[in-house]
Each structure stands twice: as C-alpha cells, then as structure tokens.
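Asker: Okay, here's the structure, questions in a sec.
The values are calculated or read from the model by the stated rules, or taken from the named source; none is laboratory data. The shown structure was predicted, so the numbers you read here are calculated from the model rather than taken from an experiment. Don't worry about glycine lacking a Cβ; one is built from the backbone with ideal geometry, like all the others, and counts go over all protein chains shown.
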C-alpha cells in the first residue's frame with residue numbers, strides 16, 4: 001500500500017461514512033489529515049474517534 005508520510009490531505013464531509021473512512025485510511029498511511037465537517041459538534045466527535053492519528 002502507498003505511504004503518505006509527507007503528505008497533507010483535506011477531507012470534506014469527514015464526520016461520517018465514506019469521508020470518515022477516507023480520513024482513517026489516509027491517517028493510517030502516515031498522511032497528516034484535516035477533517036472538514038459542516039457541523040462542528042459532529043466533526044469534533046469524529047475527530048475524537050481518531051485520536052492517535054496524524055489529524056489536525
């Protein structure tokens with residue numbers, strides 16, 4: 001699998017579903033990932049489920 005060690009990704013709609021899984025997969029491969037969501041509380045909840053990842 002491809003590694004994304006020095007990469008940065010912005011994923012919109014990342015608080016659930018496919019967007020959240022994309023964030024998980026990118027972060028697992030070393031990508032610094034920014035999670036975008038329209039609802040702040042849902043975005044914070046999704047980010048909380050990803051603690052330990054390279055997430056901003």
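Asker: Identify all residues within the range 20-40 that are assigned to a helix (DSSP H, G or I) and modelled with pLDDT under 90; write none if there are none.
Answerer: 27, 28
Asker: Sort out which residues of the range 2-12 are under 11 Å from the mean Cα position of the chain (by Cα) and surrounded by 15 or more Cβ atoms within 10 Å (Cβ to Cβ), and write them in order of number.
Answerer: Of everything in the range 2-12, those that are under 11 Å from the mean Cα position of the chain (by Cα) and surrounded by 15 or more Cβ atoms within 10 Å (Cβ to Cβ) turn out to be 9, 11.
Asker: In the range 23-46, how many residues are under 21 Å from residue 3 (Cα atoms) and either in contact with a helix residue (DSSP H, G or I) (Cβ under 8 Å, 6 or more places away or on another chain) or in contact (Cβ under 8 Å) with a residue 12 or more places away in the chain (or both)?
Answerer: Selection size over the range 23-46: 12.
Asker: Right, here's the next one. Given the conditions (1) at pLDDT below 90; (2) over 8 Å from the mean Cα position of the chain (by Cα); (3) surrounded by 15 or more Cβ atoms within 10 Å (Cβ to Cβ), report the number of the one that residue 46 does not fulfil.
Answerer: The failed condition is (1).
Asker: While we're looking at this one, here's another question. Which residue is farthest from residue 47 (Cα to Cα), if the candidates are limited to the range 1-19 and must be touching a strand residue (DSSP E or B) at 6+ places or on another chain (Cβ under 8 Å) and not in a loop (DSSP other than H, G, I, E, B)?
Answerer: The residue in question is 8.
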